[in-house]
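The values are calculated or read from the model by the stated rules, or taken from the named source; none is laboratory data. All values reported here derive from a predicted model rather than from experimental measurement. Positions of Cβ are generated from backbone atoms using ideal geometry, with glycine treated the same way; all protein chains shown enter the neighbour counts. Accessible surface is based on the protein model in full, side chains and every heavy atom, while ligands, DNA and RNA are left aside. Shrake-Rupley method; radii C 1.70, N 1.55, O 1.52, S 1.80 Å.
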Amino acid sequence: MNNTQHFDAVIFDLDGVIANTAKFHFLAWRQLAEELGIHLPDEAESRLKGLERMASLELILAESDAHYSETQKQLLADKKNKHYCRLIETLTPMDLLRGAGELLEQLVIRDIPVALASASKNAAAVIERLGIAERFTYIADANRVQNPKPDPEIFLMAAQGLNIAPAACLAIEDAAAGVESINRAGMFSVGVGNQQELGEANKVIGSLNEFSVEDYFKS
Ligand code: BG6
Ligand code: MG
């Protein structure tokens, strides 16, 4: 395919696009749910995808009739994060998702600015463990934004951090809320996953190794 539109920068989501960490988030939530006597069905994994920490907790607690105060909810979210941090201690560059390492390398070789827009407060630790931290010119993560995806704030912040106009950015996501966030930021959205879930994206691919840099960037 030869795309007629060309872009100046790429903004990546992290969990589920670059890193195989979506499974760790789910395992950590499932562990917490079990501790609370809540059964978390497998299909909850896709509903949790891309949701920030407290919104994920609310979704899980909705499966129970118990009432939790805001302080208790904070403690539960901290507990899940401890489970998650223990799981990501095992991360290595082998946990890069298919095509991610190669794509990042091609972008750097071509001098195309790259930023991260991640809903995770653990994003910096994850990219460090994956050995790709130096590939990013700018990192926008949940520690810096007020409004979670699908609000466009995090992608707009990433574009601003790169000093590139939003319309000249191409951004990549694996969650529907993230795709909405990109679209609302006025960027070109690429969804990694299935067409059904990510139908709002300008382009959907199965994995990053289907992404061709030549189609979107002038050499
Ligand atoms: C997103 C993940 O990137 O970050 C979600 O897709 C996760 O599953 C969210 O809940 C928040 O992550 P963290 O590490 O701040 O709890
Ligand atoms: Mg994601």
Inter-centroid distance (Cα atoms) of region 1-76 relative to region 178-219, Å: 21 Å
Computed magnitude of the charge dipole of region 73-167 (debye, nearest 20; Cβ of K, R +1, Cβ of D, E -1): 460 debye
Area of residue 197 that stays accessible when all protein chains are in place (1.4 Å probe, Å², to 10): 70 Å²
Cα gyration tensor, region 136-219 - rounded (a/c under 1.5), prolate or oblate: oblate
Probe 1.4 Å - accessible area at residue 86, Å² to nearest ten: 130 Å²
log10 of Debye I(q)/I(0), alpha-carbon scatterers only, for the chain at 0.09 Å⁻¹: -0.35
Cβ charges +1 (Lys, Arg) and -1 (Asp, Glu), total dipole of the chain, debye: 340 debye
Per residue value of the accessible surface for the chain (all protein chains in place, 1.4 Å probe), Å²: 48 Å²
Cα-based radius of gyration of region 22-88 once divided by 2.2 N^0.38 Å, which approximates compact folds: 1.00
Apportionment of accessible area to carbon and sulfur, the chain, percent (1.4 Å): 47 percent
Residue 25 - accessible surface, heavy atoms, 1.4 Å probe, Å² rounded to 10: 40 Å²
Ranking by accessible area, most exposed first, for 92, 21, 137 with a 1.4 Å probe: 137, 92, 21
Highest-MSF residue in the chain out of 179, 108, 204 [GNM, Cα springs under 10 Å]: 108
Mean residue ellipticity (222 nm) of the chain, computed from DSSP H runs ≥ 4 via -39,500 (n - 2.57), nearest 500: -11500 deg cm²/dmol
